[in-house]
Structures are given as C-alpha cells and as structure tokens.
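Asker: Got a structure for you, questions after.
The values are calculated or read from the model by the stated rules, or taken from the named source; none is laboratory data. Because the structure is predicted, anything quoted here is derived from the model rather than measured. Cβ coordinates were reconstructed from backbone atoms using ideal geometry, including for glycine residues, and neighbour counts include every protein chain displayed.
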Amino acid sequence: MRTEQELQISPVVQESVIHNTKVLVTLRNLTASLFGIGAGILGLESYPGFIFYVVFSLLTSALVYALRVQPALARDPSGDAGITRFFKGSWELWTGGIFEGLSGFVLTWTLFYGLVRA
Amino acid sequence: MSKLLDPIPHHHSYGVLRHYATVLMATAPKKQETPAIREQRSLLRGINLRQNANAISPVAFNARRDFLVTAYESGQFLKAPEKKGEAAPNPMSDPAAMDGMMGMMKGNMMMMVPQTLIMGWINAFFSGFVVIRLPFPLTIKFKSMLQAGVATKDMDPQWMSSISWYVLCIFGLQSVFNYLLGSDNAASQTAQQMGQMGPGAGANMFGPGVDPDKQFQGEAENLSVLAHYYTLAGVEERLLKSLS
C-alpha cells in the first residue's frame with residue numbers, strides 16, 4: 001500500500017477506477033450470455049458446463065490483457081508498470097464480475113440447452 | 001414428446017418499460033430556503049477542507065480553519081440560532097423529510113408491483129407443468145422451490161416450472177439491463193439495493209433527528225486536531241530528481 005503522502009502526490013482517481021471496473025464487468029456479462037449459448041448448443045451438462053464458462057471467461061480476460069492493457073503499458077513506459085496501473089490488482093482483471101455473469105450464463109445455457117436438445 | 005415452447009412474454013421489453021415508467025414517476029427534489037441550504041453547505045465546506053487540506057499552503061489552510069472553527073462554535077451558520085440547544089424535529093413531523101421517504105417508497109412500489117402482477121399472471125395461466133430443464137443436477141431439497149405447482153415425487157429437480165423460469169430470467173437479465181440502460185437504470189435490483197444503502201449513509205448527516213449544532217461542534221473539533229502536511233513541500237527536489 002502506498003503511503004498517504006504518496007497518494008497525495010499521485011492520487012488514485014476514483015472515476016477511472018470505476019470506469020475500468022465497469023468496462024470489465026460489462027464485457028464479462030455480455031460474453032457470459034454468449035458463452036451460455038455455446039454451452040447450450042454443445043449440450044454440456046453440469047460440471048463441464050461450468051468449467052466451460054470459467055475457462056472462456058479467463059480467455060476473455062487474457063484477450064483484454066493482450067489487446068488493451070499491454071499496448072497501453074507499452075505506449076507509456078513511465079508510471080506504474082504492470083496491471084496495477086489500471087486495476088486494483090491482477091485478481092480483479094482475471095476474475096472481476098465472474099459471479100454476476102454466472103446468472104446470465106445459466107439463463108442462456110438453460111434456454112439453448114432446452115431448445116437444441118429437443 | 002413434443003417440446004413446449006417458452007410461454008413467458010419477453011421479459012426484456014417489460015424491463016425497459018419499467019425503467020422509463022420509474023423515471024417519469026420520480027418526484028422532483030424539493031426546494032429549500034436559504035438558511036437551511038446554508039447550514040448544510042457550510043458543514044460540507046468544513047468536510048471538504050478537512051479532506052483536501054494538504055493541497056493548500058499552511059497559511060491558506062490556517063486562515064480557512066480559523067474562520068470555520070470560530071463560525072462553527074458561535075453557531076453562525078445555524079438555520080435557527082435561537083434553537084441552539086434543542087434537537088432537530090422528529091422525522092415523522094418534519095414535512096421536508098416525508099417527501100424524501102415518499103419518493104423512495106414510490107420507487108420501491110414501481111419495482112415490486114409489476115413483478116407481483118406478472119407472477120400472479122404466470123401462476124394463473126402457466127401453472128401445473130414444467131417448461132424447461134436445467135443442465136446441471138440439484139438436490140431434492142430444491143424441488144419445493146423450483147416445482148411449486150407440480151405435484152410429482154419422482155421428477156428430477158432439474159425440471160423447472162414456469163414461475164421458477166421467470167425468476168431465473170429476472171436474475172439473468174439484470175446484467176443485460178445494466179448494459180442497455182446505463183448503470184443507474186431503474187430495472188436493476190442490485191443497483192437499487194446498493195443505492196438504498198449508499199445515500200442512506202450520506203443522508204444521515206442532514207436527515208431529521210440530527211442536531212446540527214452538535215455536528216458543527218464535532219466538525220470544529222475535527223478541524224482543530226488536523227495535522228497539516230503541505231503536498232507541495234519539497235516539490236523542487238522531486239522535480240529535479242525526475243528530470244535527472
């Protein structure tokens with residue numbers, strides 16, 4: 001944790017943090033619905049279905065990292081290196097909003113499982 | 001066996017309608033007269049000074065602090081200076097607060113009534129059969145929750161009745177509503193619950209039943225014990241270090 005005086009000199013802007021989190025959570029919600037469609041069409045049952053969701057959510061985070069975070073870091077080498085410049089920790093990038101997306105995933109999964117399975 | 005089609009109407013358009021209905025029904029904030037506003041704003045000014053104290057030079061900070069502390073202690077900003085020792089009026093009798101509470105209750109009504117209506121409609125027309133099967137297994141205990149109208153003993157809990165499918169739709173589509181209507185939309189329940197906790201914490205400062213004089217005294221004490229550290233002290237060294 002940075003000291004209070006360091007925070008005064010280079011403060012953490014709350015709006016940017018909120019915006020970053022919102023982008024990540026929105027993306028996670030939308031892709032969760034799409035992954036539900038995929039899992040339903042594939043006819044996945046209980047555990048493989050959830051593993052499918054987790055694996056593809058991690059893949060989404062990896063793509064966010066590779067296509068958004070990495071170029072921004074490379075473009076501007078001053079300032080914090082690593083994910084802490086944009087998120088409060090790598091934990092947030094990889095698993096942010098995963099439980100909120102779970103309900104959307106289960107909804108579309110159930111719907112398409114029922115539709116396709118006939 | 002032929003497959004049953006989804007009998008539930010599009011939950012999506014209903015949520016969008018609910019959002020706009022709530023926006024239209026929201027009451028406008030009530031106007032307050034100058035002494036009341038001045039009382040609240042002066043307290044906010046003290047809090048702002050405390051939080052941002054390190055951004056101004058020691059001289060400027062001391063000048064502001066001395067002015068505010070003397071003003072707080074003499075009760076200069078009070079709405080009704082002659083009532084200095086008494087507590088604020090009771091929340092039930094104070095009309096200004098009633099409007100705020102009515103607004104919140106109206107918002108809650110807007111949220112609950114359509115959901116209750118649709119649940120009753122579904123129970124009336126779509127009860128007694130299962131509509132869809134969950135892809136993952138559940139324990140027997142969930143049967144009472146998920147198969148409310150169907151009186152079988154041996155069917156898996158995986159088969160859901162229409163009402164539980166409706167509940168699943170509500171939860172699943174909240175994220176879609178979040179995306180479509182922006183993050184402060186009125187169709188999202190989680191945002192509404194958090195909104196009730198958030199402004200509740202902040203509104204307690206100016207809500208009825210709190211004595212403004214005591215708030216001022218507390219704020220004056222906070223200001224006098226604040227240790228001031230000027231952020232720009234030593235800035236020349238930092239600048240030279242970053243350039244070298």
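Residue by residue, here is whether (1) outside any loop (DSSP other than H, G, I, E, B); (2) modelled with pLDDT of 80 or more; (3) over 30 Å from residue A:106 (Cβ atoms); (4) not acidic (Asp, Glu) holds:
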site: B:79; (1), (2), (3), (4): no, no, yes, yes
site: B:87; (1), (2), (3), (4): no, no, yes, yes
site: B:91; (1), (2), (3), (4): no, no, yes, yes
site: B:104; (1), (2), (3), (4): yes, no, yes, yes
site: B:128; (1), (2), (3), (4): no, no, no, yes
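Asker: Could you figure out which of (1) touching a helix residue (DSSP H, G or I) at 6+ places or on another chain (Cβ under 7 Å); (2) modelled with pLDDT of 70 or more isn't true of residue B:112?
Answerer: Of (1) touching a helix residue (DSSP H, G or I) at 6+ places or on another chain (Cβ under 7 Å); (2) modelled with pLDDT of 70 or more, only one is false for residue B:112: (1).
Asker: Could you list, ordered by first residue, the pairs with Cβ atoms under 9 Å in which the first is in segment A:41-56 and within 10 Å of chain B (Cβ to nearest Cβ) and under 16 Å from residue B:133 (Cα atoms) and the second is part of a helix (DSSP H, G or I) and among the charged types (D, E, K, R), at least 6 apart or interchain?
Answerer: Within 9 Å, the pairs are A:43/A:117.
Asker: Another question about this same structure. Checking residue B:224 against (1) away from chain A (no Cβ under 12 Å); (2) at pLDDT below 80; (3) surrounded by fewer than 14 Cβ atoms within 10 Å (Cβ to Cβ), which single condition isn't satisfied?
Answerer: Every condition holds for residue B:224 apart from (2).
Asker: Go through (1) assigned to a helix (DSSP H, G or I); (2) crowded, with 19+ Cβ neighbours inside 10 Å for residue A:19 and report which single condition fails.
Answerer: In the conditions (1) assigned to a helix (DSSP H, G or I); (2) crowded, with 19+ Cβ neighbours inside 10 Å, residue A:19 misses (2) alone.
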